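Visitor: Supplied in structure tokens, the structure appears directly below.
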Amino acid sequence: MRFHPRLAPIKAAVFPLVNKDGMPEVAEKLHAELQGRFGRLGFIETDAKQTIGKRYARMDEGGCPFCFTIDGDTMKDNTVTVRDRDTGGQERIGTGNVAMYLRERLGD
């Protein structure tokens, strides 16, 4: 579904690429931050099950506009991969910029 980000019931998702190497802990911290900031606007999901492709597909089906993935590079340089639902494009942003990135796109 291609809901406008402001109308999407699930605003964002945070995924650890794998369920080890400190990635789940970083994902939980980022999820808690986003939930506290944007939870009143809609759901902020997190999930560590299945392959990353299946998680992306499940969020696409639910209309979630943005997925933030914690991966090996996150552990080295404090950046996350952002995946845009509509374009499938990915970019890297700093973990400290995730809330601002989401705020700008949600119009909050």
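Visitor: From the list Glu91, Glu104, Glu61, which residue is in contact (Cβ under 8 Å) with a residue 40 or more places away in the chain and open to solvent by 70 Å² or more (accessible area, probe 1.4 Å)? Spell out the reasoning first.
Guide: Values: Glu91 fails: in contact (Cβ under 8 Å) with a residue 40 or more places away in the chain; Glu104 fails: in contact (Cβ under 8 Å) with a residue 40 or more places away in the chain.
The conditions single out Glu61.
Visitor: Just the residues that are without any contact (Cβ under 8 Å) to a residue 40 or more places away in the chain, basic (Lys, Arg) and outside any helix (DSSP H, G or I), please, taken from region 1-49.
Guide: Within region 1-49, Lys20, Arg40, Lys49 meet the criteria.
Visitor: Of the conditions (1) surrounded by 17 or more Cβ atoms within 10 Å (Cβ to Cβ); (2) under 21 Å from Met1 (Cα atoms); (3) of a type in the set (Gly, Ala, Ser), Ala48 satisfies every one except a single condition; which number is it?
Guide: Answer for Ala48: the failing condition is (2).
Visitor: If you don't mind, another one. Residues to consider are Thr74, Thr69; find the one that is among the polar types (S, T, N, Q), on the phi < 0 side of the Ramachandran plot, crowded, with 17+ Cβ neighbours inside 10 Å and part of a helix (DSSP H, G or I). Don't jump to the end; show me each part of the working.
Guide: On the way: Thr69 fails: part of a helix (DSSP H, G or I).
It is Thr74.
The values are calculated or read from the model by the stated rules, or taken from the named source; none is laboratory data. Quantities reported herein were computed from a predicted structural model and do not represent experimental measurements. For neighbour counting, all protein chains shown are included, and Cβ atoms are generated from backbone atoms with ideal geometry for every residue, glycine included. Please note that ligands, DNA and RNA were not included when accessible areas were found on the heavy atoms of the full protein model with its side chains. Shrake-Rupley method; radii C 1.70, N 1.55, O 1.52, S 1.80 Å.
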